[in-house]
Every structure is written in structure tokens, then in C-alpha cells.
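Q: There's a structure below that I have some questions on.
Bear in mind these aren't lab numbers, they're just calculated from the coordinates by the rules spelled out. Only a predicted model underlies this, so the values are computations on that prediction, with no experimental measurement involved. Note that we place each Cβ from the backbone using ideal geometry, even for glycine, and neighbour counts take in every protein chain shown.
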Amino acid sequence: MRADADAGTTPAGPEADVDEEGDGEDARRARWTATGTGAVLTLAGLAASLLRLTGSAPALVPAAYALGAAVCALGALLGARGRTRRALWLLIAGVMVMAVGDQSD
């Protein structure tokens, strides 16, 4: 009877410690990835916005790049706070805003 009761439990001992440490390391890696990707996309969007602002592009194009960069910055902030799923979706949305702005050129 005891073997049946223990069948659904998680392992105790060194195996449990490794799993818990691995989960913490995965979460830390996800936060750093979301934050770093958001920062890179933000800088790229701002640079593209400044380059398009100095050119002969319509005003909508630099504004779209700046708005996309702001959305990516918000994604980076959420990623740093551990909201990595929301950060991922914000990064995708920010890049899409930049792409739509680029297509309107």
C-alpha cells in the first residue's frame, strides 16, 4: 500500500535539489533573454527612427519606429520583472509596429 501512495510524489533528496535549481536557472535565463532582446530591439528601433527622421521619409515612418521601440522597451522592463510571456508578446508587437511603419514608406 505504501508503494502506491508514494507513486505520485516527487523525488526527495539530491534529484529534487537539482530540479529546483534548474528551474531557477531557467527562469533567470528567460529574464535575461527577454531583457537583453528588448534592449537590443529598442536601440535598433530608436536608431532606425533617427535615421528615417533625417531622411525624406513620411512622418509616419519614424513615428512607427519610435512607437515600436517604446513597446519593446516596455517588453524589456516586463522581462526584467519576470513577466517573460507578456514580454515576448510585447516584443513581437513592437517589431510588428516597426515593420508596418517600414512598409508604409
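Q: Rank these for me by crowding, R29, R86, going from fewest to most other beta carbons within 10 Å.
A: Arranged by neighbour count, lowest to highest, R29, R86 become R29, R86.
Q: What list do you get for L43, L78 if you sort them by fewest beta carbons within 10 Å?
A: Placing the least packed residue first, the sequence is L43, L78.
Q: For segment 37-105, what does the alpha-carbon gyration tensor say about shape, rounded, prolate or oblate, given a ≥ b ≥ c as the root eigenvalues, a/c under 1.5 as rounded, and a/b over b/c as prolate?
A: prolate
Q: For S56, project a label point 7 Å along Cα to C-beta. Then give me every residue of segment 67-105 with its amide nitrogen under 15 Å of that point.
A: Those under the cut-off are 105.
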